[in-house]
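Taking it in order: structure first as structure tokens, then the write-up.
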Amino acid sequence: MGFVACKNQDKVQGPTDTTSSGVIEISADESFAPVLNQEIDVFENEYDQASIIPIYKSEVDAINLLLQDSVYLAITTRTLTEGENAALEQKKLFAKPVLLATDAVALIINRENPDSLLSVAQLKKILSGEITSWKQLNPQSKLGDITFVFDNPNSGMLRYLRDSLMQGAPLSDKLFAQNTNREVIDFVEQTPGAMGVVGASWVLDMADTTLLSFIPQIRVMALTDQAVPDKYNTFQPYQAYMATGEYPLSRSVYAILSEPRNGLATGFTRFLTGYKAQRVILRAGLVPATQSLRIVNVREEL
């Protein structure tokens, strides 16, 4: 009898985490792993009784974990749909989206490929299958077909390309999934004719404290909204060009909180909007939502 009473008491007690202590899991789009890992390290260093366990998934899967009550916090590039909000409300849960940052979609190519300038119009034609070879971009190219790669069929990256860039127009069946951002980078590094898309934080060289250089394994393309790209009208995914809108492929980053009480998920979300966490976002090369950004013009030989 004593044992049963003790078990019932534990069950009634419910969650024991607070805004600064306990252990929880959160879900996140895999493309934000570099910056989110840094945020968790800073938070746990400040609150040594807290442990945040990230589950990195495709964006679809990260949101599904939230809808299934498996987590109370998801890091995504979109807010919930009306249907998703309604599904949570049936469980007496209410999603609160919080804007954290602006990220960029970086286009990468093999480092031996000299054709690093691209227009958004050309990118759309690649995605639709109208442009399939490097010679269609540059008749002097010695490369053959363009092998276009992305991270995951359920990722926020592919959703951005399909819904935001292509406005729902069908994508070519010649696009190839690689599962993760790291695998996209590795594939492009090893494949001369490849073109890939990854989150901007994956290509910035963190060894450069000025955030003005990219990792050496690949080349980062410069893009323009104008019809004909040249070295004067194209921009790479640097913070300054994300902030001014001159880099044309940017997306918002949200923390979606559904916690019904003030627990650790709530505490971590509040932390993410605070000064220290926004400085982490700044140092990771993204544009923080609540911190000012000093604009520095950046140009390099493209």
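Overview of results
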| read-out | value |
| --- | --- |
| Residues of segment 226-280 satisfying the condition of being hydroxyl-bearing (Ser, Thr, Tyr) and either more than 18 Å from VAL197 (Cα to Cα) or part of a helix (DSSP H, G or I) (or both) | TYR232, TYR241, THR244, TYR254, SER258, THR266, THR269, THR273, TYR275 |
| Segment 273-295 residues that are of a type in the set (S, T, N, Q), paired with ones that are at pLDDT below 85 (beta carbon under 8 Å, 6 or more apart) | GLN278/GLN291 |
| Members of segment 187-211 found to be among the charged types (D, E, K, R) and surrounded by fewer than 16 Cβ atoms within 10 Å (Cβ to Cβ), listed by number | ASP205, ASP208 |
| Of all residues in segment 215-225 being part of a strand (DSSP E or B) and either free of Cβ contacts under 8 Å to residues at least 12 places away in the same chain or not hydrophobic (A, V, I, L, M, F, W, C) (or both), the one that is farthest from SER250 (Cα to Cα) | ARG219 |
| Hits in segment 129-186 (condition: closer than 17 Å to ASN110 by Cα and assigned to a helix (DSSP H, G or I)) | TRP134, LYS135, ASN181, ARG182, GLU183, VAL184, ILE185, ASP186 |
| Selected residue (criterion: farthest from VAL203 (Cα to Cα)) from residues of segment 20-34 that are of a type outside the set (Gly, Ala, Ser) and modelled with pLDDT of 95 or more | VAL23 |
| Selected residue (criterion: surrounded by the fewest Cβ atoms within 10 Å (Cβ to Cβ)) from residues of segment 84-127 that are in a loop (DSSP other than H, G, I, E, B) and polar (S, T, N, Q) | GLN90 |
| Of residues in segment 32-61 being within 22 Å of ASP151 (Cα to Cα) and among the small types (Gly, Ala, Ser), the one surrounded by the fewest Cβ atoms within 10 Å (Cβ to Cβ) | ALA33 |
| Identity of the residue in segment 202-214, assigned to a loop (DSSP other than H, G, I, E, B) and of a type in the set (A, V, I, L, M), that ends up nearest to PHE187 (Cα to Cα) | VAL203 |
| Pair list, Cβ under 7 Å, 6 or more apart: segment 91-106 residue at pLDDT 95 or above, other residue buried (at least 16 other Cβ atoms within 10 Å of the Cβ) and acidic (Asp, Glu) | none |
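The values are calculated or read from the model by the stated rules, or taken from the named source; none is laboratory data. This one's a predicted model, so the numbers in the text were calculated from it and none came from an experiment. Here Cβ is always computed from backbone atoms with ideal geometry, including for glycine, and neighbour counts include all displayed protein chains.
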